[in-house]
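Only the coordinates and a few stated rules stand behind these numbers; no lab work does. Computed from a predicted model, the values in this text were never measured in an experiment. Cβ placement follows ideal geometry from the backbone for every residue including glycine, while neighbour counts extend to all protein chains displayed.
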Amino acid sequence: APQNLAATAGDRQITLTWTANSEADFLRYRIYGGTSPNPTAIVDSAQGSANTSKTLTGLSNGTTYFYRLTAVDQALNASGFSNEVSATPSVADLPPAPPQNLAATAGVAQITLTWNANTETDFLRYRIYGGTNPNPTAKIDSVEGANNTATTLTNLTVGATYYFRVTAVDQALHASGYSNTVTAKPLADNAAPTLANAVYSEPANLNSEVAVAIAATDASGIKNVWLYYRVAGAATFSNRVMARQSDNTFTQSIPAAAVTNRGVEFYVRAEDAYSNVKQTGLHPVRVYCPNGVANPAGQPSGAAANFYRLFSIPLSLDNKSPAMFLTTNSSLGAYDDTKYRWYGLERATQTLREYPNFGNLQLTPDMGFALVTNIKNVKLKTSSGTTVATSAPYNISLPAGWSLLGNPFNFNIRFDSLRVSFGTFELWSFEGDWQINTRGLEPWKGYAIWLSDAATFSIRPGVAGLNNGTAFYSVANNDAENWLLQISADNGRTASRFNFAGQHASATDNEDALDLHEPVRLAGGIEVVFTKKNSASLKADIRQPSSNGHTWEFICRLNPEDEVLSLTFDGVATVPPAFDIFLLEPETATAYNLRTTPRLQFATHHLTEKRFQLVAGTKAYLDEQSLPAELHPASFELLQNFPNPFNPSTQIIYSLPEASHVEVSVHNIRGERVAMLVNERQERGSHTVVWNAEQVGSGVYFIRMQAGRVERVKKCLFVK
């Protein structure tokens, strides 16, 4: 039988203890109990000989309970009863048991403590003791209620070692002994705050505030939140501190002054207590412009081709129809091609269309248009629309070949912000003449673009600006190996000056990146077009360097009403002296020495094109070519004027075998001089001059050339 059974009463419980049984085949203890002596009812059991205590709970205070035990072996043989004990539970004035299983978990600048709940009925609170030394005695916190078994201690020193232990306190303020001691080190906060999606209205109204709200959270708490904003294209941001509206929500407004017809951009930046920073991506805010936008630059007034300007619309219009655009620009009036002409380019067919035959052309932000007008003081404007979002590239699907292009943004775009998904591109501007553009896009301006392949053209907005541009196509860069000849063509009303032949170490004899393509011809314009083998029409034809020479063929595209074509060749003086340079006119079998005569005139009335050859090379190279003209005249000659009869212009060609003072004059049948065309010293070679006879009447005239003592005369007929 079990020995030394003892009973200790507590609050609604009695704890029994006894001496362990030593038998080898011991199984369990049976506990008999009740409210009468000599109990025979089994109320509990304890497995194993070493389990020598048992607390019986849920008892009634003030009631006496009796207990005795038996021992049972593995054969289920029971011993006799132990001694009998009795006890009466009561609310005793005793301290509670110490808290069990205290644990510590480190967090960011904090430590969380947890423990098991106390089951005593008169429990009051837990006391938390802690510090940076073992066995802490300083009370740092308390937790009310038996079931509140966790607490988090904040604002602790990162990296320091903290020690903690806990006691239990009953309603009589009796404290238990200490729990087990735990230790932990608070962690550093290396994590940036978390930012939710910003909330704002878009598109915004022009010159109106834009309210922005955002939720920001962080383990160590949010210290500051700022709203950074700028006018789209601006180089720098302004900022405002965002106001906390709740634990996690912050608000602020972009001021109305920043909400312009360029659009506006913002981002939010948050900082936590440990200076960790997080910011959102850039948010574009499109801006609605109820009255549209206006071009600050005026349209030049004139009817000739050099008065064309390419324009585009830096806004996504509510009504993109061409008719609406003319209604908005009432200064132009109803379409009248004697007052203005308006063209768009149909990309699919590479066809210029004149209004009103625009087909499906609309005034979208990516489109360019050509306009010429003789109306004075025209400044273009738009109807209502919204700025284009600036957070991502503006992508345009373009065919191979030519398109007219616009700047969709109301600020400058750098050339190095332009991309093509495949192949290569050329960008051209027109300010009275075509020029290759390596600077970028300006608002309201239109451009011609050539693509080697069908591709996506991307315009990437950023800080407004233009590149400095490159000066590759300039005769000022000429040296012994790399040189250019610039050809300028002029019909008296308009000109084409950006035309180049030459050689460069980076070039090949096939079409390459240094060869430039001829842009779209505007009505009334003239063109200089190189006809390189297996190539499209070129505006620049650059070859690989040769020590022998080169031959270029080019066409001047003209208008039937053009009277005179003037050609000027710049850069001749800086081409290596070993090369002679001649312009050949196959139609008249004439060769002009450009080293001595770099400026030439040709009569072109009724012509739509005129062909030339440009030859630059050594004497041996020139001798090897089957040239259709004599390069070095052997005698003084005055050729018959061409055309003849003529109205009103004719070309006069003459040859000098040696340098001479030359007079070329025109006389009527009475011998009276009606025009002095040349009166100067000229070098050996062929020369040309054009006589425009508009100031005289129809009839027979005589062209006289006097070179030294040599005189030559030709008769011509002017018929109005």
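Sequence-distant contacts, meaning Cα pairs under 8 Å at least 6 residues apart, place the relative contact order of the stretch 456-504 at 28 percent.
Tell me, what are the semi-axes, in whole angstrom and largest first, of the equivalent ellipsoid of the stretch 337-416 as set by the roots of 5 times the Cα gyration tensor eigenvalues? Could you put the intermediate results ahead of the total?
Numbers: eigenvalues 111, 70, 28 Å².
Result for the stretch 337-416: semi-axes of 24, 19, 12 Å.
Each Lys and Arg Cβ is given +1 and each Asp and Glu Cβ -1; about its Cα centre, the chain then shows a dipole of about 1280 debye. Taking other residues whose beta carbon is less than 15 angstrom from the beta carbon of Ser665, and scoring Lys, Arg as +1 and Asp, Glu as -1, yields +2. The mean of 1/r over all pairs of different alpha-carbon atoms in the stretch 376-498, once inverted, gives a Kirkwood hydrodynamic radius of 16.5 Å.
Other residues lying with their Cβ under 12 Å from the Cβ of Asn644 contribute a combined charge of +2, Lys and Arg counting +1, Asp and Glu -1.
Here the spin labels are modelled as points 7 Å beyond Cα on the Cα-Cβ line, and at Asn197 and Glu587 they lie 6.8 nm apart.
Taking the square roots of 5 times each eigenvalue of the Cα gyration tensor of the stretch 100-184, largest first, gives ellipsoid semi-axes of 23, 12, 10 Å.
For the stretch 194-289, dividing the convex hull volume of the Cα atoms by the residue count gives 81 Å³ per residue. Note: relative contact order over the chain, using C-alpha pairs below 8 Å and six or more positions apart, is 6 percent. Secondary structure note: in the chain, about 95% of the DSSP beta bridges are antiparallel. Can you tell me how the stretch 5-100 classifies by the Cα gyration tensor, rounded, prolate or oblate, using a/c under 1.5 as the rounded cut? Oblate is the answer for the stretch 5-100, as a/c is 1.5 or above yet b/c matches or exceeds a/b.
I want to make sure I understand the PRE zone here: with the label point 7 angstrom from the Cα of Ala620 toward its beta carbon, which residues in the stretch 543-582 have backbone N atoms less than 16 Å away? Inside the label zone: 546-550, 578-580.
Pairs spanning more than 20 Å between alpha-carbon atoms, out of Lys532/Lys610; Lys379/Lys445; Lys610/Lys715; Lys223/Lys278; Lys320/Lys376; Lys185/Lys223: Lys610/Lys715; Lys320/Lys376; Lys185/Lys223. Taking the DSSP beta bridges with both ends in the stretch 483-625, the antiparallel portion is around 90 percent. Remark: Val182, Val143 ranked as Val143, Val182, counting other beta-carbon atoms within 10 Å and listing the fewest first.
Peptides 422-435, 146-159 ranked from most to least packed give 422-435, 146-159, packing being the mean of other C-beta atoms within 10 angstrom over each peptide's residues.
Can you tell me how the stretch 579-720 classifies by the Cα gyration tensor, rounded, prolate or oblate, using a/c under 1.5 as the rounded cut? Taking the square roots of the gyration eigenvalues as a ≥ b ≥ c, the stretch 579-720 is oblate. Helical content of the chain, expressed as a calculated mean residue ellipticity at 222 nm, amounts to -500 deg cm²/dmol (DSSP H runs of 4 or more residues, -39,500 (n - 2.57) each, divided by residue number, nearest 500).
Relative contact order for the stretch 284-382: 48 percent, from Cα pairs under 8 Å spaced at least 6 residues apart, divided by residue count. Would you mind computing, in nm to one decimal, how far apart the modelled labels at Ser86 and Ala323 are, each placed 7 Å from Cα along Cα→Cβ? Modelled inter-label distance: 11.4 nm.
So in the stretch 454-561, what percent of DSSP beta bridges are antiparallel if you round to the nearest 5?
75 percent
With neighbour counts taken as other beta-carbon atoms within 10 Å, the residues His174, His504, His517 rank, fewest first, as His174, His504, His517.
Rg over Rh for the chain works out to 1.42, both radii taken from alpha-carbon positions and Rh defined as the Kirkwood radius. Local charge for Leu187 was computed over the other residues whose Cβ lies under 15 Å away, with Lys and Arg +1 and Asp and Glu -1, and equals -2. Maximal additional length on extending the Asn548-Arg611 stretch stands at 20.3 nm, based on 0.36 nm per residue less the C-alpha distance.
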